[in-house]
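Here is the structure we will look at, set down as structure tokens.
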Ligand SMILES: [Zn+2]
């Protein structure tokens, strides 16, 4: 079901924890999944058993800001507290 394309077409979806309700939801404040946005959302749900569109607190808004980006994620950046999930 999850299909990945060629290396040069790799897309990364970033999930930024918005601290809705005043706290971080998972172990990492930024989670990057190597997949287009819709696939990444499904992967996120299956791994974390959590809907990234969930709104913990109405005044704070959604739990995550979700952003698709074709920028490669550098190892340096991964080391900075970012959880990186890829097929490989
Ligand atoms: Zn709030």
Out of all the residues in the stretch 27-38, is one or more touching a strand residue (DSSP E or B) at 6+ places or on another chain (Cβ under 6 Å) and more than 14 Å from residue 69 (Cα to Cα)? yes
Residues that are modelled with pLDDT under 95, away from the ligand (no atom under 16 Å from the Cβ) and farther than 15 Å from residue 86 by Cα: does the stretch 46-63 have at least one?
no
Apart from one, (1) under 17 Å from residue 82 (Cα atoms); (2) within 16 Å of the ligand (Cβ to nearest atom); (3) assigned to a helix (DSSP H, G or I) all hold for residue 24; the odd one out is (3)
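The values are calculated or read from the model by the stated rules, or taken from the named source; none is laboratory data. All values derive from a computational prediction rather than experimental measurement. Here the Cβ is made from the backbone with ideal geometry for all residues, glycine too, and neighbour counts use every protein chain on show.
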